[in-house]
1. For segment 61-78, take each phi angle, set θ = phi - 60°, evaluate the Karplus expression 6.51 cos²θ - 1.76 cosθ + 1.60, and give the result in whole Hz per residue in order, putting x for glycine and proline.
2. Looking at segment 42-82, which GluC sites (Glu not before Pro) are in a loop (DSSP not H, G, I, E or B) and have at most 15 other Cβ atoms within 10 Å?
3. What are the chymotrypsin sites (Phe, Trp or Tyr not before Pro) within segment 34-66 that DSSP puts in a loop, where the Cβ has at most 12 other Cβ atoms within 10 Å?
4. Any idea of the accessible area per residue across segment 4-57, 1.4 Å probe, to the nearest Å²?
5. With the Cα gyration tensor of segment 31-98 giving a ≥ b ≥ c as the square roots of its eigenvalues, does the rule (a/c under 1.5 for rounded; else a/b larger than b/c for prolate; else oblate) give rounded, prolate or oblate?
Amino acid sequence: MNTEPVNITDKAVEHIIAKTAINADAIGVRLTVATTGCSGNSYKMEHVFEETLDKDDKFEKDGATLFIPKMHSWMLFGTQIDYEEGDLKSGFVFTNPNESARCGCGESFTVEHKDA
């Protein structure tokens, strides 16, 4: 079992830095979980312009800064964030050990809350 809050691969670091650089005022990117799709949730990345550590957890690796809302941390604990490039599709890939189901197209997922 992965005990790291998130694992950001070197390829993902490169693309988080590039995504941040698209907007000169951005200080990083935020990974959120949005309600959508047939399985209920999807991953969303957006620019961050102000640090709000009372609401977000902050992760830094090799110049990349990633924020995750504290309210979503339980859903994303142990997730590996990678970036894959292909002929037809390129983008961030999330390997989340907390997913209990994923839709057939792979665009949305389900995480069941487990009480301790």
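The values are calculated or read from the model by the stated rules, or taken from the named source; none is laboratory data. Worth saying up front: this structure is predicted, and the values here are computed from it rather than measured. Every residue, glycine as well, gets a Cβ built from its backbone with ideal geometry; the counts of neighbours run over all protein chains shown. Side chains are part of the model used for accessible areas, which takes the heavy atoms of the whole protein and leaves out ligands, DNA and RNA. Shrake-Rupley method; radii C 1.70, N 1.55, O 1.52, S 1.80 Å.
1. 8, 6, x, 9, 10, 10, 10, 10, x, 4, 5, 9, 4, 4, 6, 10, 4, x
2. Values: sites: GLU46, GLU50, GLU51, GLU60; in loops: GLU50, GLU51.
Those satisfying the criteria are GLU50, GLU51.
3. Working: sites: TYR43, PHE49, PHE59; in loops: PHE49.
Answer in residue order: PHE49.
4. Values: 2960 Å² over 54 residues.
Per-residue accessible area for segment 4-57 comes out at 55 Å².
5. Details: a/c = 1.73, a/b = 1.23, b/c = 1.41.
Since a/c reaches 1.5 but b/c is at least a/b, the shape of segment 31-98 is classed as oblate.
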